[in-house]
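Trainee: I'd like to ask some things about the structure below.
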Amino acid sequence: MENSVLTGRVHSFQSMGAVDGPGLRYVVFFQGCPLRCAYCHNPDTWAFDGGQETTVEDVLQKVRRCAPYIKKTGGVTLTGGEPLSQSDFAAALLTTLKAEGFHTALDTSGAASLESAAKVLEHTDLVLADLKFTTEEDYRRHTGGSLAHTLEFLDLCRKMGRPVWLRHVVVPGLNDGPAAAARLAQLAKGYDNVEKVELLPFRTLCIEKYAALGLPFPLEGTAPAGEEHLAPFYEALGPLAKPAK
């Protein structure tokens, strides 16, 4: 099947994103995710049969309309959900975007086979890697995924020479504190392709989404993260640490 007619499932689009990579960006939210993160803000992207079926060409037509605003200093970001869960569609879309001169970014947890990931990374300029937790036990308990596999994905990014921005949500009582900050710093500094670490304070804006879907919010009653929760991370990471935009 030719790239232009290859189909995938997309949850939504954002035409002027400012927090998903450098500059103004067109953001494509993929449908479907294998993880169930305790603090997930997009439970409506979990189901693989949700969203809307669309072709690569359909997405390209939307992106091209924004080219005057995003092409010079911004680009296109694939996020989700988990884009690597639809690796053929993601790779086809990125291939064409690169051919048309757009900067490409991939926002991912790395929760897919390394073979699938490599296929997508071939056409990715920047990886926004979501590092959920810094111990295997916490990773499995609060996401259903694996820290070990995430580190294998980061190793692959390094091997393929892809720059990485690590993203880490700080949740009070779950992954905050000096010890957690020290583990994150040690991990981040072990990769010479990690350009920065974006710290995202936990928020509860997603509660209404869970209610609408009839789902319990796992962290109901957890207070939003404040500066005091982020401070140990800034201290441990030093110049690598950046606040979320």
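Trainee: Subtract the Cα-Cα distance of residue 136 and residue 159 from 0.36 nm times their separation in residues, and report this length gain in nm to one decimal.
Mentor: Additional length available on full extension: 6.0 nm.
Trainee: When ranked by the protection proxy of mean other Cβ atoms within 10 Å per residue, highest first, what sequence do the peptides 154-165, 110-121 form? Before the final figure, lay out the partial values.
Mentor: Values: 154-165: 16.6, 110-121: 19.0.
Answer by packing, highest mean first, reads 110-121, 154-165.
Trainee: As an exercise, use a Förster radius of 22 Å and the Cβ-Cβ distance of residue 18 and residue 203 to find the FRET efficiency, rounded to the nearest 0.05.
Mentor: Numbers: r = 17 Å, r/R0 = 0.78.
Given R0 = 22 Å and the Cβ-Cβ separation, E is 0.80.
Trainee: Counting only DSSP beta bridges with both residues in the chain, tell me the antiparallel percent, nearest 5.
Mentor: Roughly 25 percent of the beta bridges in the chain run antiparallel, per DSSP.
Trainee: What does the helix-only formula give at 222 nm for the chain: each DSSP H stretch with n ≥ 4 adding -39500 (n - 2.57), the total divided by the residues, and the result rounded to the nearest 500 deg cm²/dmol? Could the numbers behind the result be given before it?
Mentor: On the way: 9 runs with 86 residues, N = 245.
Calculated from helices alone, the mean residue ellipticity at 222 nm is -10000 deg cm²/dmol.
Trainee: Here is a follow-up. Among the listed pairs 196/242; 71/98; 132/196; 189/242; 71/159; 98/119, which have their C-alpha atoms separated by more than 18 angstrom in this model?
Mentor: As for pairs spanning more than 18 Å Cα to Cα, those are 71/159.
Trainee: Where only protein heavy atoms count, and the probe is 1.4 Å, what is the accessible area per residue for the chain in Å²?
Mentor: 44
Trainee: Using a 7 Å offset from the Cα along the Cα-to-Cβ direction at both residue 146 and residue 113, what is the distance between the two label points in nm, to one decimal?
Mentor: Here the modelled spin labels are 1.4 nm apart.
Trainee: Something else now. How much of the accessible area of the chain, in percent, comes from carbon and sulfur atoms when a 1.4 Å probe is used?
Mentor: Whole-percent figure for carbon plus sulfur exposure: 53.
Trainee: For the stretch 195-243 and the stretch 78-98, write down the distance between their C-alpha centroids in whole Å.
Mentor: Here the two parts' Cα centres lie 26 Å apart.
Trainee: Which Cys residues of the chain have no other Cys Cβ less than 4.7 Å away and so no disulfide-compatible partner by this rule?
Mentor: So far as the 4.7 Å Cβ criterion goes, 33, 66, 157, 206 stand without a partner in the chain.
Trainee: Give me the dipole magnitude in Debye, nearest 20, for the stretch 1-113 about the Cα centre, with unit charges on the beta carbon: positive for Lys and Arg, negative for Asp and Glu. Write out the running numbers ahead of the final one.
Mentor: Working: 9 positive and 11 negative charges, 94 e Å.
The calculation lands at about 460 debye.
Trainee: Can I ask one more? Taking the Cα-to-Cβ direction at residue 99 and at residue 242 and moving 7 Å from each Cα, how far apart do the two end points lie in nm?
Mentor: Distance between the two pseudo-spin positions: 3.1 nm.
Trainee: I need the peptides 134-147, 86-99 ranked by packing, meaning the mean over residues of other C-beta atoms within 10 angstrom, with the highest value on top. Don't skip to the answer; put the middle values down first.
Mentor: Values: 134-147: 16.6, 86-99: 21.7.
By packing density, highest mean first, the sequence is 86-99, 134-147.
Trainee: Given charges of +1 on the Cβ of Lys and Arg and -1 on the Cβ of Asp and Glu, with all other atoms neutral, how large is the dipole of the stretch 96-245 about its Cα centre, in debye to the nearest 20?
Mentor: For this selection, approximately 160 debye.
Trainee: Just name one of 201, 154, 166: the one whose Cα is farthest towards the positive end of the charge dipole of the stretch 100-217 (beta-carbon charges, Lys/Arg +1, Asp/Glu -1).
Mentor: My answer, from the dipole projection, is 201.
Trainee: Taking semi-axes √(5λ) of the Cα gyration tensor in Å straight from the coordinates, which label in (i) 54, 17, 15; (ii) 41, 18, 17; (iii) 28, 21, 17 is the correct one?
Mentor: Only one option fits the structure, namely (iii).
Trainee: Sticking with this one: If you place +1 on the Cβ of every Lys and Arg and -1 on the Cβ of every Asp and Glu, how big does the dipole about the Cα centre of the stretch 168-231 come out, in debye to the nearest 20?
Mentor: Dipole about the Cα centre, nearest 20: 120 debye.
Trainee: Right, something else. Using +1 at the Cβ of each Lys and Arg and -1 at the Cβ of each Asp and Glu in the chain, identify which of 18, 54, 185 lies farthest towards the dipole's positive end.
Mentor: It is 18.
The values are calculated or read from the model by the stated rules, or taken from the named source; none is laboratory data. This is a predicted model, so every value here is computed, not measured. So basically every Cβ, Gly included, is an ideal-geometry build from the backbone, and we count neighbours across all protein chains shown. These area figures cover heavy atoms from the full protein model, side chains too; ligands, DNA and RNA do not enter into them. Shrake-Rupley method; radii C 1.70, N 1.55, O 1.52, S 1.80 Å.
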